[in-house]
1. Looking only at residues that are part of a helix (DSSP H, G or I) and of a type in the set (K, R) in segment 53-100, which one is surrounded by the most Cβ atoms within 10 Å (Cβ to Cβ)?
2. Going through segment 107-127 one residue at a time, which ones are small (G, A, S), out of contact with any helix residue (DSSP H, G or I) (no Cβ under 8 Å at 6 or more places or on another chain) and in contact (Cβ under 8 Å) with a residue 40 or more places away in the chain?
3. Looking at A85, A130, A164, which one is touching a helix residue (DSSP H, G or I) at 6+ places or on another chain (Cβ under 9 Å) and in contact (Cβ under 8 Å) with a residue 12 or more places away in the chain?
4. Any chance you could count how many residues in segment 124-146 are in a loop (DSSP other than H, G, I, E, B) and within 23 Å of R74 (Cα to Cα)?
5. For E50, which of the numbered conditions (1) of a type in the set (D, E, K, R); (2) more than 25 Å from H151 (Cα to Cα); (3) crowded, with 17+ Cβ neighbours inside 10 Å; (4) under 18 Å from the mean Cα position of the chain (by Cα) fails to hold?
Amino acid sequence: MFANDTEHGLLFTAVLVNTMDGEALPDTAALDALAREWGWTGRRERTQAELEAVRALRPKLRRFWELDEDGIVRLANGLLREGGALPQLVKHDEWGYHIHATPSEAPLAIRMSVESAMAFVDLVRGGELARLRICEFEGCDNVVIDLSKNHSKRFCDSGCGNRAAVAAYRARKRRVLSGKKAKK
């Protein structure tokens with residue numbers, strides 16, 4: 001459906017935005033782990049300032065889920081301008097050719113911002129904004145990027161799907177039990 005780097009960028013953006021809930025980026029070690037897990041290469045300062053810059057990026061990126069198409073375009077274009085984006089094909093590690101729009105020595109928050117914007121550019125160009133959702137589990141407002149073929153993803157990746165299934169199972173059990181009591 002999308003190029004690998006686009007899907008990776010969309011999924012990473014959702015994960016980063018969802019770290020706002022309960023402050024899942026408490027320190028530089030957590031940012032380091034996130035960067036390793038998602039394969040961020042290039043310059044890393046591993047400082048409190050870098051952590052604060054990445055934390056400050058999250059509410060901006062959250063807006064991708066809150067805006068209409070024109071707003072998303074303005075946000076993406078703004079992030080690309082702010083980051084001095086100059087898209088180029090690169091190849092490294094296990095990745096084949098893909099697009100990097102900032103140099104590897106750019107600050108991490110700038111690279112994250114621009115890579116997210118580039119992914120959303122492809123989402124807009126593909127007419128796929130319906131893939132942006134908010135988790136349907138009651139009380140959760142995490143963002144969801146639905147990359148399923150049938151557009152069926154309803155819950156975030158924080159366990160809400162499991163919680164919803166358990167709640168539905170328990171509700172069914174209660175109905176069955178209350179039906180048996182009513183017959184007696």
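1. Selected residue: R62.
2. G126, the sole residue that qualifies.
3. One residue alone meets the criteria, A85.
4. Going through segment 124-146 one residue at a time, the tally reaches 5.
5. Of the numbered conditions (1) of a type in the set (D, E, K, R); (2) more than 25 Å from H151 (Cα to Cα); (3) crowded, with 17+ Cβ neighbours inside 10 Å; (4) under 18 Å from the mean Cα position of the chain (by Cα), the odd one out for E50 is (4).
Read-outs: derived from the displayed coordinates by stated rules, not from any lab. Keep in mind that what you see is a predicted model, and the values were worked out from it rather than measured. Positions of Cβ are backbone-derived with ideal geometry, glycine not excepted, and every protein chain shown enters the neighbour counts.
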